[in-house]
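I have placed the structure first, in the form of structure tokens, so that the comments after it can refer back to it.
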Amino acid sequence: MRSPFARVPKPWRVVLDWVSTVTLAIVLVLVFEAEVAKPFRIPSASMEPTLHCARPANGCHARFSDRVIALRLVYRFREPRRGEIVVFKAPAAAALDCGGQGGVFVKRLVGLPGDVVSERSGWIFIDGKRLPEPYIKPGYRDSTTSSWPRIPLGHYFMLGDNRRNSCDSRVWGTVPRDALVGPAILTYWPPSRLAPRLP
């Protein structure tokens, strides 16, 4: 294919070809990140030991924080599913109730629209039926007993896998659908932690 800069003198033609190629590559990466998939770092111990955060932060197990890829396109084509690890924009109440932590959170989607979520001695119940949660490791449940109002349409109930150390929907309420970025489909960093994350 002929270069669009064919009439430019050769030294400048090579420079312009390289600049246009690099610019196109950067644009493609930015569009991909904005519309398809985006990386996120795990900042706290709320998802330990499923997803690690870095020591010396309180409760963190690893030397490096896990990094996950959230697939933005998924929720344009299907509904969010119970059990998925989801990246979402935290509600404003989260920043107030979680010691100033706001921004983007990574939690487990536990409650769907219309569900009534309750917790008894650290076990989660959906509409009175105990939820099987094989992803919760022994010692990471808390001893809480509580219940919450029925989840409104278009909202979701999020919990950390580290129930003893997670500021989540039990504290600040449900998350609206438009705040969901997408499911975390892959841990990609550090390389020793490479693993798919879909349930």
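The values are calculated or read from the model by the stated rules, or taken from the named source; none is laboratory data. Bear in mind that the values here come from a model prediction, so they are computed numbers and not experimental data. In this analysis, Cβ positions are derived from the backbone assuming ideal geometry, glycine residues included, and neighbour counts consider all displayed protein chains. Surface areas here come from the heavy atoms of the whole protein model, side chains and all, with no ligands, DNA or RNA. Shrake-Rupley method; radii C 1.70, N 1.55, O 1.52, S 1.80 Å.
Remarks
- Only one of the numbered conditions (1) more than 13 Å from the chain's Cα centre (by Cα); (2) modelled with pLDDT of 90 or more; (3) under 19 Å from residue 174 (Cβ atoms) is violated by residue 101, and that is (2).
- Cβ-Cβ distances below 8 Å connect the following pairs, each with a first residue in segment 45-59 that is in contact (Cβ under 8 Å) with a residue 40 or more places away in the chain, a second residue that is assigned to a loop (DSSP other than H, G, I, E, B) and of a type in the set (Val, Ile, Thr), and a separation of six or more residues or different chains: 51/42; 52/42.
- When residues in segment 109-127 are screened for being open to solvent by less than 50 Å² (accessible area, probe 1.4 Å), out of contact with any helix residue (DSSP H, G or I) (no Cβ under 9 Å at 6 or more places or on another chain) and touching a residue at least 12 places away in the same chain (Cβ under 8 Å), 7 of them pass.
- Subset of segment 143-169 (residues that are in contact with a helix residue (DSSP H, G or I) (Cβ under 6 Å, 6 or more places away or on another chain) and either farther than 22 Å from residue 88 by Cβ or surrounded by fewer than 14 Cβ atoms within 10 Å (Cβ to Cβ) (or both)): 154
- Condition met for residue 144 (over 26 Å from residue 66 (Cα atoms) and touching a residue at least 12 places away in the same chain (Cβ under 8 Å)): yes
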